[in-house]
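The values are calculated or read from the model by the stated rules, or taken from the named source; none is laboratory data. This one's a predicted model, so the numbers in the text were calculated from it and none came from an experiment. All Cβ positions, even for glycine, are placed from backbone atoms using ideal geometry, and neighbour counts span all protein chains on display. Remember, those area values only see protein heavy atoms, side chains included, never the ligands or the DNA or RNA. Shrake-Rupley method; radii C 1.70, N 1.55, O 1.52, S 1.80 Å.
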Amino acid sequence: MLDRILRVNMTHLTVASEPLPQEYRYLAGRALTSRMVFDEVVPYAEPLGPYNKLIFACGLLAGTTISCANRLSIGAKSPLTGGIKESNAGGIAAYKMARLGYRAIVVEGLREDHARYLLVLNKNGGELRRADQLAGKGITEKAALLRQEFGANVGLILIGPAGEQRLLTAGIANNDPDGRPTRFSGRGGLGAVMGAKGLIGIVLDDTGCAPAEAARPDEFAAKGREFHQLLLNNPQTGEYFPKYGTAAMMEITNAIGGLPTRNFRTGRFAGADKLNGEALYQTIVSRGGAGRPTHACMPGCLVRCSNVYPDQEGREVVAPLEYETLGLLGSNLEIANLDVVAQANRLCNDYGVDTIEIGCAIGVAMEAGVLPFGDEDAFLKLMEEVVTGTYLGRIIASGCVVTAKVFGVRRIPAVKGQGMPAYEPRAIKGTAVTYATTAMGADHTAGNVARANVKHHLKDGQVALSQGAQIKIGMLDALGFCMMVAPALKDSTILAELVNARYGSSLTAQDLEQLTRQYLRTEKEFNRRAGFTAAHDRLPEHFYDEANPETGTVFDITDEELASLTF
Ligand code: SF4
């Protein structure tokens with residue numbers, strides 16, 4: 001099991017299964033998508049053209065109920081950054097994919113005829129079906145129609161209208177255990193790559209498939225229990241995340257002047273107490289109804305950092321409402337209203353766009369005076385323009401760099417073309433080092449250090465801190481784990497032990513680290529061949545010149561120091 005690759009050619013409309021090459025035996029998740037992009041995509045390929053490939057990969061422990069081990073990685077050359085990209089999400093798709101026996105699904109070729117196709121996978125194999133009836137529909141409606149047709153338990157991977165229109169903020173959604181298609185691989189415009197190929201969705205029906213079996217079942221069960229105890233005993237993964245979710249981060253970032261506010265002009269927001277983890281928790285609990293302060297996005301997750309946000313009548317608005325969205329659609333726009341952010345989040349999800357990139361783009365538009373900071377009505381009106389596809393809406397949905405160029409804004413919070421997540425780079429310098437040096441563009445999921453017990457606004461030690469985080473998170477990405485487990489892991493021994501029990505191997509923690517370093521180097525090498533140089537591994541210049549008013553600091557880590565970060 002888990003030893004097949006499915007190759008889908010959209011030019012010739014063929015679907016073929018092939019064995020996993022021996023050299024990929026221990027590659028999964030981001031390590032596999034990045035290796036396959038490196039091996040199979042020409043570095044100069046046009047991201048929306050026929051030579052780019054979209055690769056879906058599950059983790060090494062996918063298909064089991066080991067907590068947090070069923071992330072779905074999606075990789076390609078990014079139309080947003082022009083470099084290699086991987087974006088991963090929770091949900092049930094990777095779990096189903098593993099039960100169907102696929103380590104990876106590779107989508108190649110192109111359709112120029114505007115036809116829409118659905119890839120349907122079940123225990124008998126896979127086939128492409130015409131799906132023009134789904135064209136232009138929101139992700140919510142697409143998912144409802146497909147669950148009606150294929151059953152309520154299927155896994156779904158979907159793009160929305162934004163992906164079909166090949167917009168640069170388009171992400172790819174998959175569904176959670178309750179069927180909500182709201183777990184997003186949002187970053188890098190990967191939805192546009194899927195749309196360009198004419199693939200509108202993937203249905204994963206694992207009915208009749210045997211569960212993934214471990215090579216050493218008793219050992220696997222014992223190591224699973226040990227890993228779960230680590231999660232339950234750690235204060236963050238056992239108590240804090242289940243209660244407050246990712247939104248708990250806002251108290252931390254706001255306190256240290258690291259919460260992006262007013263297009264990243266400053267790092268502390270006066271309205272943060274209306275958006276933070278406590279506010280979110282109290283609002284959800286007091287409203288009741290469909291609201292849930294804690295929720296598991298995939299089978300077996302014990303951390304349950306997800307939530308269901310209800311309106312005043314207790315009806316579900318969006319699930320989950322997360323820190324990055326609260327930062328980019330909230331504080332960065334000076335919107336101090338959970339209901340407004342939740343409504344905007346819902347619109348983004350249905351249209352299929354990345355809330356981080358949209359928040360950065362609207363922040364830039366606000367700086368240009370297109371609409372005022374803090375104006376809730378104007379913000380929601382602009383969001384309506386985004387999802388109805390007016391010219392202004394399409395500009396916003398093309399990301400923050402395009403928006404800035406259209407409106408003549410020079411303060412662009414982006415690295416390698418990708419908008420920054422909700423960590424202000426002059427206040428949280430280790431995460432900013434990650435923004436600058438990862439092949440992914442500004443991406444906290446490549447190595448966020450905001451929770452580290454260091455003086456975040458000082459430069460000393462930040463390069464090493466970022467490097468360690470990039471390797472640690474990179475390893476979790478490679479195994480298909482959610483990065484929320486990181487606080488519970490002192491080292492990666494238990495991860496190696498789980499893999500060994502599952503596959504009958506004898507990998508060490510050092511082997512996993514070497515494997516991780518190797519694929520991180522591969523990502524950098526792909527970008528180098530695609531035309532990236534050291535000049536791309538830095539922050540926008542205004543962060544070097546203008547101090548964050550809350551910390552009094554600029555980003556002062558030199559290009560030479562950044563270049564010293566290698567894997
Ligand atoms: S910790 Fe959160 S994001 Fe991670 S698997 Fe669990 S619910 Fe999903």
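Out of Ala361, Ala342, Ala378, Ala365, report the one residue that is surrounded by fewer than 19 Cβ atoms within 10 Å (Cβ to Cβ), in a helix (DSSP H, G or I) and either within 16 Å of the ligand (Cβ to nearest atom) or of a type in the set (A, V, I, L, M) (or both).
It is Ala378.
Return a yes/no flag: does segment 312-326 have any residue that is among the acidic types (Asp, Glu), away from the ligand (no atom under 16 Å from the Cβ) and in a helix (DSSP H, G or I).
No, because not a single residue in segment 312-326 is among the acidic types (Asp, Glu), away from the ligand (no atom under 16 Å from the Cβ) and in a helix (DSSP H, G or I).
Among the residues of segment 526-550, write down those that are out of contact with any strand residue (DSSP E or B) (no Cβ under 9 Å at 6 or more places or on another chain) and either on the phi > 0 side of the Ramachandran plot or open to solvent by 40 Å² or more (accessible area, probe 1.4 Å) (or both).
Arg528, Arg529, Gly531, Thr533, Ala534, Ala535, Glu541, Tyr544, Asp545, Glu546, Ala547
Right, Ser34: touching a residue at least 24 places away in the same chain (Cβ under 8 Å) and in contact with a His (Cβ under 7 Å, 6 or more places away or on another chain) or not?
No, not satisfied.
So Asp350 ticks every box in (1) open to solvent by less than 40 Å² (accessible area, probe 1.4 Å); (2) part of a helix (DSSP H, G or I); (3) not basic (Lys, Arg) but one. Which box is left unticked?
Every listed condition holds for Asp350 apart from (1).
What strands (runs of 3 or more DSSP E) completely inside segment 54-128 contain at least 1 residues that are acidic (Asp, Glu), farther than 22 Å from Ala210 by Cβ and outside the structural domain of Val15 (by TED's automatic domain parsing)?
none
Write out, first by first residue and then by second, each pair whose Cβ atoms fall under 6 Å of each other, whose residues are 6+ apart or on separate chains, and whose first residue, in segment 294-305, is more than 6 Å from the ligand (Cβ to nearest atom) while the second is open to solvent by less than 30 Å² (accessible area, probe 1.4 Å) and assigned to a loop (DSSP other than H, G, I, E, B).
Listed by first residue and then by second, the contacts come to Gly300/Ser67; Leu302/Ser67.
Within segment 308-337, which residues are of a type outside the set (S, T, N, Q), open to solvent by 10 Å² or more (accessible area, probe 1.4 Å) and within 16 Å of Met383 (Cβ to Cβ)?
If the condition is that a residue be of a type outside the set (S, T, N, Q), open to solvent by 10 Å² or more (accessible area, probe 1.4 Å) and within 16 Å of Met383 (Cβ to Cβ), then Val317, Glu334 are the ones that fit.
Is there a residue in segment 493-512 that is open to solvent by less than 40 Å² (accessible area, probe 1.4 Å) and within 16 Å of the ligand (Cβ to nearest atom)?
Looking through segment 493-512, at least one residue is open to solvent by less than 40 Å² (accessible area, probe 1.4 Å) and within 16 Å of the ligand (Cβ to nearest atom).
Tell me which residues, restricted to segment 447-475, are without any contact (Cβ under 8 Å) to a residue 24 or more places away in the chain and either open to solvent by less than 10 Å² (accessible area, probe 1.4 Å) or hydrophobic (A, V, I, L, M, F, W, C) (or both).
Matches in segment 447-475: Val449, Ala452, Ala464.
What are the pairs with Cβ atoms under 6 angstrom where one residue, in segment 232-260, is on the phi > 0 side of the Ramachandran plot and the other, located anywhere, is away from the ligand (no atom under 12 Å from the Cβ) and of a type outside the set (S, T, N, Q)? Sequence gap at least six, or different chains.
Close Cβ pairs (under 6 Å, with a partner that is away from the ligand (no atom under 12 Å from the Cβ) and of a type outside the set (S, T, N, Q)) amount to Gly257/Gly267; Gly257/Arg268; Gly257/Ala427; Gly257/Glu550.
Could you tell me which numbered condition Lys429 fails, if it satisfies all but one of (1) within 16 Å of the ligand (Cβ to nearest atom); (2) over 20 Å from Leu80 (Cβ atoms); (3) not β-branched (Val, Ile, Thr)?
Result: Lys429 passes all but (1).
Of all residues in segment 523-537, which are touching a residue at least 40 places away in the same chain (Cβ under 8 Å), of a type outside the set (Phe, Trp, Tyr) and assigned to a helix (DSSP H, G or I)?
Across segment 523-537, the qualifying residues are Glu523, Lys524, Glu525, Asn527, Arg529, His536.
Assess whether Asn332 counts as being in contact (Cβ under 8 Å) with a residue 24 or more places away in the chain, touching a strand residue (DSSP E or B) at 6+ places or on another chain (Cβ under 7 Å), within 16 Å of the ligand (Cβ to nearest atom) and in a helix (DSSP H, G or I).
The answer is no for Asn332.
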